[in-house]
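The values are calculated or read from the model by the stated rules, or taken from the named source; none is laboratory data. What you see is a predicted model, and the numbers here were worked out from it, not measured in a lab. Every residue, glycine among them, receives a Cβ derived from its backbone with ideal geometry; neighbour counts consider all protein chains shown.
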Number of protein chains: 2
Amino acid sequence: MNRELAEKIRKVTPYTPGEQPKKKGIIKLNTNENPYPPSEKIREAIQEINDDTSRLRLYPDPDSSILKEALARHFGNGLSKKNFFTGVGSDDVLGMAFLAFFNGNEPVLFPDITYSFYEVWAELFNVKTKISNLDENMRLVKEDFLKNEKLGGIVIANPNAPTGLCEPVAFIKEVALAHPECLLIVDEAYVDFGGESAVSLVNELPNLLVAQTFSKSRSLAGLRIGYAVGNEELVAALEAVRYSYNSYTMNMPVQLMGSAILADEEYFNLTVKKIVNERERTKKRLKDLGFSFPDSKTNFIFVKHEKLSGEYIFNELKKRKIYVRHFKADKIKEYNRITIGTPEQMDKLIDALVEIVAV
Amino acid sequence: MNRELAEKIRKVTPYTPGEQPKKKGIIKLNTNENPYPPSEKIREAIQEINDDTSRLRLYPDPDSSILKEALARHFGNGLSKKNFFTGVGSDDVLGMAFLAFFNGNEPVLFPDITYSFYEVWAELFNVKTKISNLDENMRLVKEDFLKNEKLGGIVIANPNAPTGLCEPVAFIKEVALAHPECLLIVDEAYVDFGGESAVSLVNELPNLLVAQTFSKSRSLAGLRIGYAVGNEELVAALEAVRYSYNSYTMNMPVQLMGSAILADEEYFNLTVKKIVNERERTKKRLKDLGFSFPDSKTNFIFVKHEKLSGEYIFNELKKRKIYVRHFKADKIKEYNRITIGTPEQMDKLIDALVEIVAV
């Protein structure tokens, strides 16, 4: 490539997503997907699309009204459509929030061990960062978030990934109040599995934006639906930036399918409960095999073995066609993040681990 | 909003998309949608989704392989999957290309009258611009694109919007060769209606990126599928930036539906031909009513009346439930951009215009 042209290309260190193997017969516990299918209600939306495919010739509603209205009904609590922003997965929502709100001179604060996309967006958009190191128990160091200093922004994944640990919503409130000069993003991708949500605080705290997703608890990673909840002014500012990038981000089928499944609370509660039960059962069995882990409130467990290395376990599981996630960062390289699957999948995982630790 | 927080919000002037009225009974000729439904092949993909909704629980292929492979087969000509980049409409593709490639110190060149999103992305990403004014016939001033000067990038919509005028591909080649120091983006959103495509040049010209869309000629505005074609190195650089923003931009249904319809060339050719025929018929009738216009090679005509103002015609049509697009920029405020609809819709448009010009 021409040198001058090459110099004009933005320097990035892309996020590496977990493997999406195309082979069959793999037990896929590596990207925190839900082991259960989405609600059957989704078929109503699919039927509606099939009944009138000619609607696809028209641009979708740029404001995703039906989806936002369904979200507002779902959350209730005085929230309206104008409190919601939707995006192509919560990655799109969070990336757009970085672009929209993190333009100050002060650094944006987040932990060293957290969703690794935060530092990728920071580099992409030239955002200065300040890193708070998790303590020896993998917990947030709260003082770092409550210091009397000006920040450019704050991002807290709650529950945190890949640790699975959750902070009480009272702490989130403290942080927002301590830093009125900047936006606090709370990334609640995993909140439905046992975390405490800050959504009810968005109209009380003018600098709080909460992000959630349909990818985990709602079994719809394949559809790419994320959303943010915030006060109307924040959402309007985020929408203005989004309209400056792409007017129509949410396609028509996704708007229909996303709003359809929100109507099925019963199924949602049932699958979440099954996953939580399986998580707790798995914790006990992992402990018996010599694993330790932070006390996850998510659909994954972040495990370290008393004797075997993280990489060894990762590779041994892979040989047995069980995919989990291993990160290379020094502080967590002895860990693997294991998604909670069905009881049958977790039985196979435990069988494999029994074999592996017996070496 | 807290003043310090407000100061951290990115300053933008969002693009204003054409109205998407929710009322029934409107003849919608304002956003260049295709009046014909998409190919029936799309139902095969819808069926496939309905047959196994549990696949939606998994993340989609982050590389959109089936869609890229279908595009490579469609274009042939030695192009492979690695020559294609896909996005959420061509807006996502173009916006991502601005972010990825326009990071030099020199300005990015495009015409004053063109797709107005270019200046929106330039502002969003702090890209310096240089504007070439169209001549009195609404044509590109070719010398501006061939000057012996260093540029940060070049964007040419070909055919141009909203003029509808097309430049020969030989000119595109000249521009690319004259400016090896920067990327040339050719936005071919409307090329299928009679333009000359530069796609066959991408492996010959290392700085050429061609963007196209499923929204117009393929009747799928509702799905949001755009793509870029370029040499492997350019596409890899664009993918790296995209993976730094959102790993999974194309959802699973869209990958299936998009690749399904590419198999139906016959239907595609038929609908394009119907639209082109109707465009030519409409041109004659508009001329008889005192309208003049550049000689469009797209699915719209950009018309000015010899006596009546652009705004007057816009409003009179709207009263009659016919929506066209009016832009307020001084140089084009006497014009309206009229999308080519079905013969029946265009008959109604002409009937309305007969009434309006009779005043």
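Overview of values
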item: Residue check for residue A:234: at the interface with chain B (Cβ under 10 Å from one of its Cβ atoms), buried (at least 19 other Cβ atoms within 10 Å of the Cβ), more than 30 Å from residue B:16 (Cβ to Cβ) and at pLDDT 95 or above; result: no
item: Residue in the stretch A:309-322 that is surrounded by 18 or more Cβ atoms within 10 Å (Cβ to Cβ) and within 22 Å of residue A:215 (Cβ to Cβ) present; result: yes
item: Members of the stretch B:307-324 found to be among the basic types (Lys, Arg), over 25 Å from the mean Cα position of the chain (by Cα) and not in a loop (DSSP other than H, G, I, E, B), listed by number; result: B:319
item: Search result, residues across the stretch B:47-93 that are crowded, with 22+ Cβ neighbours inside 10 Å and β-branched (Val, Ile, Thr); result: B:49, B:86, B:88, B:93
item: Lone unmet requirement of (1) crowded, with 23+ Cβ neighbours inside 10 Å; (2) part of a loop (DSSP other than H, G, I, E, B); (3) of a type outside the set (Val, Ile, Thr) for residue B:109; result: (2)
item: Subset of the stretch B:138-181 [in a helix (DSSP H, G or I), within 16 Å of residue B:106 (Cβ to Cβ) and not hydrophobic (A, V, I, L, M, F, W, C)]; result: B:144
item: Within the stretch A:8-31, considering residues that are free of Cβ contacts under 8 Å to residues at least 40 places away in the same chain and facing chain B (nearest Cβ under 7 Å), the one farthest from residue B:56 (Cα to Cα); result: A:8
item: Subset of the stretch A:294-308 [crowded, with 23+ Cβ neighbours inside 10 Å and under 17 Å from residue A:113 (Cα atoms)]; result: A:296, A:298, A:300, A:301, A:302, A:303
item: Pairs, first within 7 Å of chain A (Cβ to nearest Cβ) and part of a helix (DSSP H, G or I) in the stretch B:46-65, second among the aromatic types (Phe, Trp, Tyr) and crowded, with 17+ Cβ neighbours inside 10 Å, C-beta under 9 Å, six or more apart; result: B:54/A:36; B:57/A:36
item: Restricting the stretch B:116-158 to residues that are in contact with a strand residue (DSSP E or B) (Cβ under 8 Å, 6 or more places away or on another chain) and hydroxyl-bearing (Ser, Thr, Tyr), the residue that is surrounded by the most Cβ atoms within 10 Å (Cβ to Cβ); result: B:118
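For every residue, the table says whether it meets (1) within 10 Å of chain B (Cβ to nearest Cβ); (2) over 20 Å from residue B:98 (Cα atoms); (3) at pLDDT below 95.
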site: A:83; (1), (2), (3): no, yes, no
site: A:92; (1), (2), (3): yes, no, no
site: A:100; (1), (2), (3): yes, no, no
site: A:105; (1), (2), (3): yes, yes, no
site: A:115; (1), (2), (3): no, yes, no
site: A:125; (1), (2), (3): yes, no, no
site: A:134; (1), (2), (3): no, yes, no
site: A:141; (1), (2), (3): no, yes, no
site: A:163; (1), (2), (3): no, yes, no
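Let's see how each residue does on (1) surrounded by 21 or more Cβ atoms within 10 Å (Cβ to Cβ); (2) touching a residue at least 40 places away in the same chain (Cβ under 8 Å); (3) not hydroxyl-bearing (Ser, Thr, Tyr):
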| position | (1), (2), (3) |
| --- | --- |
| A:215 | yes, yes, no |
| A:257 | yes, yes, yes |
| A:272 | no, yes, yes |
| A:283 | no, no, yes |
| A:292 | no, no, no |
